[in-house]
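Novice: Before we start, here is the structure in question, set down as structure tokens.
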Amino acid sequence: MKLRSSQLYAFCSIFAGIAFWQIGYMLLARSYLFEAFAINLFLSSPVGVAQSFVELLGTGELLTHSYASFIAFSYGYLLATVVGIPLGVLMATTKKANYYLDPWVSSIYATPRVALAPVIIIWFGLGLFSKALIVFLGAVFPILLNTYTGIKSVKENLIEVVEAFGGSNMQVFFKVMLPDAIPAIISGLRLAVGRAVIGVVVAEWFGTEAGLGYMVYDYSMVFRPAPVFVGIVVLIAFGHLAFVILERIQRWISPWYQFQLEKEVEGMGLE
Amino acid sequence: MKMAGLYRLHERKFDAISSVILGLLAWEVIDYTLVRNPLILVGPSQIAIAFFDLLTKGELLHHIYVTFVEFILGYLVGVFVGIGFGVLMGISRTANQILNPWVIISYNAPVILLAPLFIIALGLGIVSKIGIVFIGAVFPVLFNTYAGITTADGRLVEAVRAFGGTKLQVFTKVTVPSALPLLMTGLRLSVGRAIVGAIISEFFGSKAGIGFMIAAASEEFETAQAFVGVIVLALGGYLTFEILKYTERRIAPWHDFKV
């Protein structure tokens with residue numbers, strides 16, 4: 001019941017916000033400010049955005065761009081998963097690997113990786129590979145670090161029990177470490193979605209001819225804000241969808257975790 | 001024997017140093033023997049030369065100064081607005097109900113996408129850059145301030161009330177101190193986003209700044225210069241991060257910081 005009412009409030013708030021935007025825009029359109037500051041060149045109304053959405057959908061432009069972005073996103077994100085999880089496991093289980101890799105991982109993580117985008121484009125050209133690599137650089141660190149923390153925070157006594165009953169290293173890993181680390185790994189995957197979306201857009205800003213990032217950039221350079229907002233809304237919706245899907249997967253694989261999370265929040269209040 | 005003991009004692013540091021040396025050496029060797037094309041790959045030695053070259057010409061300091069000004073102004077505005085709205089949402093139920101969905105959407109959404117709109121709305125000057133840095137920095141501060149205020153321990157609030165404390169006293173004696181650690185975390189998270197904002201805004205059109213330097217050097221195939229920019233950013237981010245971590249420990253020494 002409580003959840004329902006908070007959802008209702010959220011829905012009302014978003015609806016009211018959009019209505020406020022529409023009315024505000026219409027009032028602004030009547031005032032002299034509109035002409036003086038050429039507001040229609042960089043701001044659009046919800047109705048204008050919706051119209052533009054239908055138009056872009058009709059011409060097929062939106063689907064073409066979404067498809068191009070989705071491909072770059074998928075390649076980069078999958079590469080980040082395939083590299084990030086094993087590397088995180090390796091760093092958490094092997095002391096030597098941790099000592100040797102840590103300086104490089106920490107220093108690249110501290111660097112704003114979008115700054116590498118122009119260099120990557122020079123190295124690997126304007127094709128899909130550069131885009132996927134930029135996405136990869138954004139997405140890999142949350143996955144790697146969360147896998148590392150997840151494996152590191154496995155309870156010692158669980159490992160000891162399996163070892164005491166003659167479990168092999170393999171069994172310790174698959175029966176204890178992996179199941180215990182999965183919630184952390186999935187929350188890393190969730191964090192990585194946002195980073196990957198930013199990576200796609202930044203990669204597409206630098207000279208491509210397709211993709212939602214390109215669409216946003218191109219329409220803003222010709223002063224048509226409505227399609228720009230369409231692109232932004234689609235990207236946000238995509239990010240949110242991926243987020244929700246991963247949350248469902250996490251609840252399905254590790255239903256006990258929700259309980260732990262609530263415990264942790266409670267613990268924070270008691271400090 | 002003594003050497004072996006020393007190594008075991010500081011194994012982590014020794015390994016880190018040897019890893020960095022080996023990595024740089026491998027980079028240099030691959031560059032020198034296999035690639036041999038300064039347009040594509042540059043070794044650490046060339047980056048070091050480019051660094052001192054740019055430093056002695058004074059060019060580097062100018063770019064750093066420009067980016068720093070954009071960063072600090074946008075960051076400060078973001079911090080003030082973020083704390084203001086965070087406190088408002090934390091103490092007023094109505095404000096929370098109205099703003100909460102929007103804040104959550106904006107916190108998770110890649111707000112940096114709005115950068116091109118900021119440029120066309122506010123021009124190529126410093127105002128649009130401050131705007132982009134602001135939009136990047138504001139949400140982590142806001143979200144963490146709000147979370148910090150709402151997670152204050154109810155029993156402490158009750159204790160102050162039971163001894164006749166006023167609402168203001170509850171706020172200054174309980175709410176603020178218990179919100180400080182999370183607020184500091186928000187300030188730290190914002191640094192990264194603000195730097196990314198400054199860089200992206202400079203990519204779009206500017207005459208100076210580290211982001212401009214990287215973009216311009218890349219276009220002229222001066223890869224070494226671009227790398228100097230990237231390294232300066234890494235150092236800047238690291239430095240700000242450490243300063244804030246130090247401040248955190250001074251302001252809220254009772255709190256056990258995880259990161």
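Novice: Within the P(r) computed for chain B, what percentage of the Cα pairs occupies the region above 31 Å?
Specialist: 44 percent
Novice: Continuing with the same structure: Find, to one decimal place in angstroms, the Kirkwood hydrodynamic radius of chain A, where the mean of 1/r is taken over every pair of different Cα atoms and then inverted.
Specialist: 21.7 Å
Novice: Tell me, Kirkwood radius of the protein assembly as shown from alpha-carbon pair distances, in Å?
Specialist: After inverting the mean inverse Cα-Cα distance, the result is 25.5 Å.
Novice: Take peptide A:185-195, look around each residue's Cβ out to 10 angstrom, count Cβ atoms belonging to other protein chains, and average those counts.
Specialist: Mean partner-chain Cβ count within 10 Å for A:185-195: 1.
Novice: For the stretch B:115-231, give the magnitude of the charge dipole about the Cα centre (Cβ charges: +1 Lys/Arg, -1 Asp/Glu; no others), in debye to the nearest 20.
Specialist: My answer is approximately 660 debye.
Novice: While we're on this one: Could you work out, for the stretch A:1-43, what percent of all Cα-Cα pairs fall into each 10 Å distance bin, beginning at 0 Å and stopping at the bin that holds the largest distance?
Specialist: Final binned percentages: 26, 33, 20, 15, 6.
Novice: Considering only B:Leu60, B:Leu117, B:Leu142, give the residue with the highest GNM mean-square fluctuation for chain B, with springs between Cα atoms whenever their separation is below 10 Å.
Specialist: B:Leu117
Novice: To continue, here is another question. Go ahead and estimate [θ] at 222 nm for chain B from helices alone: -39,500 (n - 2.57) per DSSP H run with n ≥ 4, summed, over the residue count, rounded to 500.
Specialist: Only helices count here, giving -26500 deg cm²/dmol.
Novice: Would you mind telling me which residue in A:Lys152, A:Lys175, A:Lys131 has the biggest mean-square fluctuation in a Gaussian network model of chain A, where springs connect alpha carbons within a distance under 10 angstrom?
Specialist: Evaluated over chain A, the most mobile residue of the options is A:Lys175.
Novice: In what order do A:Thr111, A:Thr93 fall by count of nearby beta-carbon atoms within 10 Å, going from fewest to most?
Specialist: So the ranking, lowest neighbour count to highest, is A:Thr93, A:Thr111.
Novice: Moving to a separate point now. Provide the net charge surrounding A:Gly76, with neighbours chosen by a C-beta distance below 11 Å and charges set as Lys +1, Arg +1, Asp -1, Glu -1.
Specialist: Charge balance in the 11 Å sphere: +2.
Novice: Further, regarding this structure: Do any chymotrypsin sites (Phe, Trp or Tyr not before Pro) in the stretch B:136-175 lie in a DSSP loop with no more than 16 other beta carbon atoms within 10 Å, and if so, which?
Specialist: Taking the stretch B:136-175 and a limit of 16 other Cβ atoms within 10 Å, the loop chymotrypsin sites (Phe, Trp or Tyr not before Pro) found are B:Phe163.
Novice: Ok, one more. Which of the listed residues, B:Pro101, B:Ala198, B:Ser19, is farthest toward the dipole's positive end in the protein assembly as shown, when Lys, Arg count +1 and Asp, Glu count -1 at the beta-carbon?
Specialist: B:Pro101
Novice: Average partner chain C-beta neighbours within 10 Å, per residue of A:14-26?
Specialist: 1
Novice: Here's another thing I want to ask about it. With a 10 Å radius around each residue's Cβ, average the other Cβ atoms per peptide and rank B:246-254, B:175-183, highest first.
Specialist: B:175-183, B:246-254
Novice: Treating the beta-carbon of each Lys and Arg as +1 and of each Asp and Glu as -1, no other charges, what is the dipole magnitude of the protein assembly as shown about its Cα centre, to the nearest 20 debye?
Specialist: 1260 debye
Novice: Ignore the peptide's own chain and count Cβ atoms of other chains within 10 Å of each Cβ in A:229-236; give me the average, rounded.
Specialist: 3
Novice: A further question on this structure: Rounded if a/c is under 1.5, else prolate if a/b beats b/c, else oblate: with a ≥ b ≥ c from the C-alpha gyration tensor eigenvalues square-rooted, which is the stretch A:15-93?
Specialist: Prolate, because a/c is 1.5 or more and a/b exceeds b/c.
Novice: Find the relative contact order for chain A and round it to a whole percent, using C-alpha pairs within less than 8 Å whose residues are 6+ positions apart.
Specialist: 24 percent
Novice: For a quick check, take a GNM of chain A with Cα springs below 10 Å and name the residue from A:Ala242, A:Ala110, A:Ala203 with the largest mean-square fluctuation.
Specialist: Highest fluctuation of the listed residues: A:Ala110.
Novice: Can I ask one more? Please tell me which of these pairs span more than 28 angstrom C-alpha to C-alpha: A:Lys131/B:Lys207; A:Lys95/A:Lys131; A:Lys175/B:Lys245; A:Lys152/B:Lys245?
Specialist: Beyond 28 Å: A:Lys95/A:Lys131; A:Lys175/B:Lys245.
Novice: How large is the charge dipole for the stretch A:32-189, taken about the Cα centre, if only the Cβ atoms of Lys, Arg (+1) and Asp, Glu (-1) carry charge, to the nearest 20 debye?
Specialist: Here the size comes out at about 440 debye.
Readers should treat all values here as calculations from the given coordinates under stated rules, not as data from a laboratory. Note that the coordinates shown come from a computational prediction; the quantities given were computed from them, not determined experimentally. Here the Cβ is made from the backbone with ideal geometry for all residues, glycine too, and neighbour counts use every protein chain on show.
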